[in-house]
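K.L.:
First, the structure itself, so that you have it in front of you.
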Amino acid sequence: MNRRKEIAKYVIADYLCSALTWTAFWIFRKHYIESEKFGIQVALEFDAKFFIALIIIPAFWVFLNLLSGLYANVYRKSRIAEIRQLFLTDGVGVIILFFSILLNDVILNYKTYYFSISVLFCMQFVLSSIAHLFITTNTNRKIHQRKIGFNTILIGSNSKALQLYNDLQSQHSSSGNKFIGFVHIEPGNGFSSELSGKLKHLGEFENIHDIILKEKVAEIIIALESSEHKHIENIINKVSGTEAVIKIIPDMYNILTGSVKFTSLLDAPLMVISNDVLEPKQVILKRTFDIAVSLFFLILLSPVYLIIAIIIKLTSKGPVFYSQERIGKYSKPFTIHKFRSMYDGAEKDGPALSSKNDNRITKVGRFLRKTRLDELPQFINVLMGDMSLVGPRPERRFFIDQIVQKAPQYTHLHKIKPGITSWGQVRYGYAENIEQMVKRMKYDILYLENMSFLLDMRIIIHTVLIVVQGRGK
């Protein structure tokens, strides 16, 4: 599967349909509205205004569709939901175009406005709906015919896993699951010889993260025996921080917590445990805000970057920037960038958290940490898409493994991008040991459960106050 290629189909189709709609609407305005207004047949001319609009307006529709989430989850679309979303998006788009362009149009009377808006909406909605339905139907057909599939693993190794596998494989119309193997939970239970004869045994559940990354797993289906239900909380904690969609057989519903919705996979109904913290349009809004703010501060504070770099270079030996591998969204590693606040070689004896009176921190570094100025280079990480302005602080795998031993729910934080600042960072500050990291995590879990644009703004305001007042811990 090529997700970018699939998205490109929708983008190109939307652009062309919008260009065709605007061309038809331009002709309609000339032949009907303007001709009736002036009492003569107005000549059809495609002037400079038309061609400028022919470039800008389709781009506007593509951007609006992006914000509304029409390009998200391109392989898991509901056609009814898609048409409903197009109806709402096109309605909003036509209203925007009316107040920005059509309000100054040539009209006979106020009724002309209603007529023009109705014509533009119908043209846009009908053409875009046809295009989307064609692409989505074609994609769904390929999924049902098993030409497209999601790499899927079964967590479970005995009768229920075997039955579920047989049910899904026997469906005339595929649900899109391309099974690559199964993982067993309890070594003492062993695994079905019949299942292992049909499906590759990938190993034990303890290695689930490595298996997911190695096999590029897109879906995880949990099919446990009754005796294995006690492991369900640990399973959810371990796999929820991955990119894979998690599904589970219905009889486990009563022992689950969290956001769960039903889905019917023809003869084998499953439930989906949602990993989506935000709606697609909120994700786009958050990302747009991240990019805009990061660009603004990178440009505005460029003299500050230069001054800090010079001071660090003059006051201690070593590089200006400190780069380190951290774990980000879906447990994927990335390189974080900071202004160096410790003496060069501070971790030559291995990873260690800093403390209040840590003698590894330089005098300049202590000031940078107190004012959070050492975090400024992370605006580059935000632009690259590894981080967000607001989100749980990213940690190293060395410390994550220790945190998870005390608080398995920490893995839920990997559902979202880490941030330059966080609710945990604002309320708790830097952590000096694993116990403090666990305490700080509670604030980040609270943020995860209440994420919104307004909450992000509150956290940013609190962070700015900490920077200005130098109250950083």
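The values are calculated or read from the model by the stated rules, or taken from the named source; none is laboratory data. Computed from a prediction, not measured in an experiment: that's the story for all the values here. Quick reminder, even Gly has a Cβ in these numbers, built from the backbone with ideal geometry, and neighbours come from all protein chains shown. We work out accessible area using only protein heavy atoms, side chains counted, and drop any ligands, DNA or RNA first. Shrake-Rupley method; radii C 1.70, N 1.55, O 1.52, S 1.80 Å.
K.L.:
Tell me, what ³J(HN,Hα) does each residue in region 340-347 have, in order and in whole Hz, if you take phi through Karplus 6.51 cos²θ - 1.76 cosθ + 1.60 with θ = phi - 60° and put x for Gly and Pro?
P.N.:
With coefficients 6.51, -1.76 and 1.60, one gets 5, 10, 10, 5, 4, x, 5, 10 Hz.
K.L.:
Then there's this: Please state, as a whole number in µm²/s, the translational diffusion coefficient that the Stokes-Einstein equation yields for the chain at 37 °C and 0.692 mPa s, with Rh defined as the Kirkwood radius across alpha carbon pairs.
P.N.:
126
K.L.:
R0 = 22 Å: FRET efficiency of Glu215 with Arg76, Cβ-based, nearest 0.05?
P.N.:
0.70
K.L.:
Return the sequence-ordered ³J(HN,Hα) values of region 2-18 in whole Hz as given by the Karplus equation 6.51 cos²θ - 1.76 cosθ + 1.60 applied to θ = phi - 60°, using x for Gly and Pro.
P.N.:
Result, rounded to whole Hz: 10, 5, 4, 5, 5, 4, 4, 4, 5, 5, 5, 4, 5, 5, 5, 5, 5.
K.L.:
Here's another thing I want to ask about it. Given C-alpha coordinates of region 269-364, what is the ratio Rg to Rh with the Kirkwood estimate of Rh?
P.N.:
Reported Rg/Rh, Kirkwood definition of Rh: 1.12.
K.L.:
Moving on to the next point. With +1 on each Lys and Arg Cβ and -1 on each Asp and Glu Cβ, how big is the dipole of region 403-473 about its Cα centre, in debye rounded to the nearest 20?
P.N.:
It comes to approximately 80 debye.
K.L.:
On the protein heavy atoms, probe 1.4 angstrom, tell me the percent of accessible surface of region 87-209 carried by carbon and sulfur.
P.N.:
Accessible surface attributable to carbon and sulfur in region 87-209 totals 61 percent.
K.L.:
Right, next: Once the other residues with Cβ under 9 Å from the Cβ of Asp374 are scored (Lys, Arg +1; Asp, Glu -1), what is the net sum?
P.N.:
Cβ neighbours under 9 Å give a net charge of +3.
K.L.:
In the chain, once you exclude exposed GluC sites (Glu not before Pro) (DSSP loop, at most 13 other Cβ within 10 angstrom), what's the longest stretch remaining?
P.N.:
So the longest stretch without any such site is 46-346.
K.L.:
Still on this structure: Please identify the longest segment of the chain free of exposed chymotrypsin sites (Phe, Trp or Tyr not before Pro), where exposed means a DSSP state other than H, G, I, E or B and no more than 14 other Cβ atoms within 10 Å.
P.N.:
Answer - 47-342.
K.L.:
Pairs Lys238/Lys332; Lys77/Lys281; Lys338/Lys406; Lys332/Lys406; Lys281/Lys329: which are spaced more than 23 Å apart, C-alpha to C-alpha?
P.N.:
Table pairs above 23 Å Cα-Cα are Lys338/Lys406.
K.L.:
When the accessible area of region 278-391 is computed with all protein chains present and a 1.4 Å probe, what percentage of it is carbon and sulfur?
P.N.:
In region 278-391, the share of accessible area belonging to carbon and sulfur is 66 percent.
K.L.:
Could you tell me which trypsin sites (Lys or Arg not before Pro) in region 268-375 are loop residues by DSSP with no more than 16 other beta carbons within 10 angstrom of their beta carbon?
P.N.:
Lys317, Lys348, Lys356, Arg360
K.L.:
Through the Karplus equation 6.51 cos²θ - 1.76 cosθ + 1.60, θ set to phi - 60°, convert the phi angles of region 411-422 into ³J(HN,Hα) values in whole Hz; use x for Gly and Pro.
P.N.:
Calculated HN-Hα couplings, in order: 4, 5, 5, 7, 6, 10, 6, x, x, 5, 10, 8 Hz.
K.L.:
Which of the trypsin sites (Lys or Arg not before Pro) across region 180-229 are loop residues per DSSP, with 13 or fewer other Cβ within 10 Å?
P.N.:
Listed in order of number, the matching sites are Lys200, Lys216.
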